[in-house]
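Worksheet for the structure shown next.
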Amino acid sequence: MIDFHCHLDLYPDPGEVIEESDTLGIYVLAVTTTPRAFPTLKKMLTGRKRLRAALGLHPELAAERAREVDLFPLLLPETDYVGEIGLDGSPAHRSTLSAQTAVFTSILGHCQSQGGRILSIHSRGAETEVLDCLQAAPGAGTPILHWFSGKERDLDRAIQAGCWFSVGPAMLRSKNGQKLAARMPPDRVLTETDGPFGISGGQPLKPWDVDVAERQLADLWGVDGAQVSTRLRSNLRRLLERGSR
Ligand code: MN
């Protein structure tokens, strides 16, 4: 199983979720919401080879923590993964969009100058702007658009630009989410939970809940569960081999 976007450090008891994920052999990309959280998370994941720590600055925090961007050049050498980064143009955060854009652009620039990274990207309500920023930063890495919820036009542009996608149970519950996921190239899709923010039945999703997304993808793709697992594993292998190029 693969959870390519999970906030492992934000569960009430991260140690328990880490232990269980490791025992179950789940591949987890643990994203952070601030660069200051990265060193602690990385230490928590030491020796857990399928649990990887990503260096991030969440768009909802980017404006007030813009100065933390300076930590990126220092911490980037410690990881192949960057996330959660991106832009949020939903009504609650629209007012800081220009500050967010400055932060996002600057992070992409640091990634460019260090040879690119695998990028887990938030784009809610700002899909066009995210794609504009990525287009302006060639060589920043391989973008994986997490929980994409934009228009089909932007999705098509993202596909054209070579983006990957991570989709989870919460997204695939909605008709619109299913429609978008069905449009994504199956060889560029990974599963995620976005736990503990991703919720199902009132409970925060845990990495092993990606099995729900696997079943939803089996329906969308018209294949059985084993074929979904094989495809997702092969996608992950290809992504990691390819790295940030
Ligand atoms: Mn997230």
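The values are calculated or read from the model by the stated rules, or taken from the named source; none is laboratory data. What you see is a predicted model; the values in this text were computed from it and never measured. Here the Cβ positions follow ideal geometry from the backbone for every residue, glycine too, while neighbour counts run over all protein chains shown. Protein only, heavy atoms only, side chains kept; ligands, DNA and RNA dropped before computing areas. Shrake-Rupley method; radii C 1.70, N 1.55, O 1.52, S 1.80 Å.
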Residue check, Thr142 over 16 Å from His58 (Cα atoms) and in contact (Cβ under 8 Å) with a residue 40 or more places away in the chain: yes
Any hit, the stretch 188-198, residues being part of a helix (DSSP H, G or I) and within 16 Å of the ligand (Cβ to nearest atom): no
Failed item, numbered, when Ala99 is tested on (1) surrounded by fewer than 20 Cβ atoms within 10 Å (Cβ to Cβ); (2) within 16 Å of the ligand (Cβ to nearest atom): (2)
Residue ID - farthest from the chain's Cα centre (by Cα), chosen from residues in the stretch 29-43 that are open to solvent by less than 70 Å² (accessible area, probe 1.4 Å) and either hydroxyl-bearing (Ser, Thr, Tyr) or farther than 14 Å from Pro207 by Cα (or both): Pro39
Matching residues in the stretch 13-33 - criterion: being closer than 22 Å to Asp80 by Cβ, away from the ligand (no atom under 16 Å from the Cβ) and not hydrophobic (A, V, I, L, M, F, W, C): Ser21, Asp22, Gly25, Tyr27
Filter result for Val17 (crowded, with 22+ Cβ neighbours inside 10 Å and either over 23 Å from Ala102 (Cα atoms) or among the charged types (D, E, K, R) (or both)): yes
Qualifying residue in the stretch 115-134 (condition: within 21 Å of Leu10 (Cβ to Cβ) and open to solvent by 20 Å² or more (accessible area, probe 1.4 Å)): yes
Given (1) touching a Gly at 6+ places or on another chain (Cβ under 6 Å); (2) open to solvent by 20 Å² or more (accessible area, probe 1.4 Å); (3) closer than 27 Å to Asp209 by Cβ, number of the condition Met171 does not satisfy: (2)
Search result, residues across the stretch 218-245 that are within 19 Å of Gly139 (Cβ to Cβ), touching a residue at least 60 places away in the same chain (Cβ under 8 Å) and among the charged types (D, E, K, R): Arg242, Arg245
